[in-house]
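One structure is given below, encoded as structure tokens.
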Amino acid sequence: MDLVLQIWGGLFYLTNKILFALAEGKPKQTKKHIKIKGWVIYILGVPAWVVILISHQDWIAASVEAGGIPAMLLGLYNTYHEHQKDNKWFNKIVALCTYSSLIVGLLYSVIEHRGIVSISQVLEIGVMLGFLLGSYAIAKNNPAGWFFFMLMNLSMAALMLLQDKLVLMTQQFVSLYFVVYGLRRSRTPSCQEP
């Protein structure tokens, strides 16, 4: 079952990063359709990651994955409406969920482990910051989100290595390639692929 979860979570998250990266620099309508698929695939990958992380008592990372769903839904909403229909309440709810998730996951882990006492907790903090802030920035069409995704990928790859989850570690490094590609494409928006 563990291998199935690794393949499910890894494949869906990798596909999301590939779609996001390929969408950069595309014509508006093409970019919209690619990114909508990317957000949906991202959301569908969450359950596998949550189960894997909870099974290893990675409370910070698990809460981040679950707490990141509102940011993913905001990204889907904003992409669908081409960032033209700002919903202030939705934005506030997502910000509240994002910051609450950061606080709850961190506090639970600190209480459970009686402090920040392990390298896995430090890596989880990197995952937490990279995932939530990256997803939120990308949802708001801010290219800085790519930098946060880099932090997330590197932190999660190291965490998965510590837990002998080689499929997910490999997926994180492949995903990092597409994150770097997406960042480069986001910095040259006038570049259009055929």
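Quick check on Lys17: is it at pLDDT 90 or above, open to solvent by less than 40 Å² (accessible area, probe 1.4 Å) and either basic (Lys, Arg) or closer than 30 Å to His113 by Cβ (or both)? Even if it seems obvious, please write down each step before you answer.
Details: at pLDDT 90 or above: no; open to solvent by less than 40 Å² (accessible area, probe 1.4 Å): yes; either basic (Lys, Arg) or closer than 30 Å to His113 by Cβ (or both): yes.
Here the answer is no, as Lys17 does not meet what is asked.
Taking the criterion of being polar (S, T, N, Q), closer than 20 Å to Trp49 by Cβ and open to solvent by 20 Å² or more (accessible area, probe 1.4 Å), the only residue of segment 68-104 that qualifies is Ser100.
Inside segment 134-147, can you point out the residues that are open to solvent by 30 Å² or more (accessible area, probe 1.4 Å) and free of Cβ contacts under 8 Å to residues at least 24 places away in the same chain? Steps first, answer last, please.
We begin by selecting, within segment 134-147, every residue open to solvent by 30 Å² or more (accessible area, probe 1.4 Å); these are 136, 140-144, 147.
Correct list: Asn142, Ala144.
Tell me, yes or no, whether segment 105-122 has at least one residue that is closer than 30 Å to Gly25 by Cβ, surrounded by 23 or more Cβ atoms within 10 Å (Cβ to Cβ) and not aromatic (Phe, Trp, Tyr). Checked against the condition, which is being closer than 30 Å to Gly25 by Cβ, surrounded by 23 or more Cβ atoms within 10 Å (Cβ to Cβ) and not aromatic (Phe, Trp, Tyr), segment 105-122 yields no hits at all.
With the condition kept exactly as written, say whether any residue in segment 141-156 is of a type outside the set (A, V, I, L, M), modelled with pLDDT under 90, within 14 Å of the chain's Cα centre (by Cα) and assigned to a helix (DSSP H, G or I). No, every residue in segment 141-156 fails to be of a type outside the set (A, V, I, L, M), modelled with pLDDT under 90, within 14 Å of the chain's Cα centre (by Cα) and assigned to a helix (DSSP H, G or I). Of all residues in segment 20-53, those that are over 12 Å from the mean Cα position of the chain (by Cα), surrounded by 23 or more Cβ atoms within 10 Å (Cβ to Cβ), within 20 Å of Tyr177 (Cα to Cα) and not small (Gly, Ala, Ser) total 1.
Which residues, counting only those in segment 43-58, are in contact (Cβ under 8 Å) with a residue 60 or more places away in the chain and in a helix (DSSP H, G or I)?
Once the filter is applied, which keeps residues that are in contact (Cβ under 8 Å) with a residue 60 or more places away in the chain and in a helix (DSSP H, G or I), segment 43-58 yields only Ile52.
I'd like to check something: does segment 107-125 contain any residue that is without any contact (Cβ under 8 Å) to a residue 24 or more places away in the chain and hydroxyl-bearing (Ser, Thr, Tyr)? Yes, the conditions are met somewhere in segment 107-125.
Kindly evaluate Thr15 against the criterion of being assigned to a helix (DSSP H, G or I), under 23 Å from Leu183 (Cβ atoms) and under 16 Å from the mean Cα position of the chain (by Cα). It is true that Thr15 is assigned to a helix (DSSP H, G or I), under 23 Å from Leu183 (Cβ atoms) and under 16 Å from the mean Cα position of the chain (by Cα).
The values are calculated or read from the model by the stated rules, or taken from the named source; none is laboratory data. Computed from a predicted model, the values in this text were never measured in an experiment. Cβ atoms come from the backbone with ideal geometry, glycine included; neighbour counts cover every protein chain shown. When the accessible area is computed, the model is the full protein with side chains, heavy atoms only, and any ligands, DNA or RNA have been set aside. Shrake-Rupley method; radii C 1.70, N 1.55, O 1.52, S 1.80 Å.
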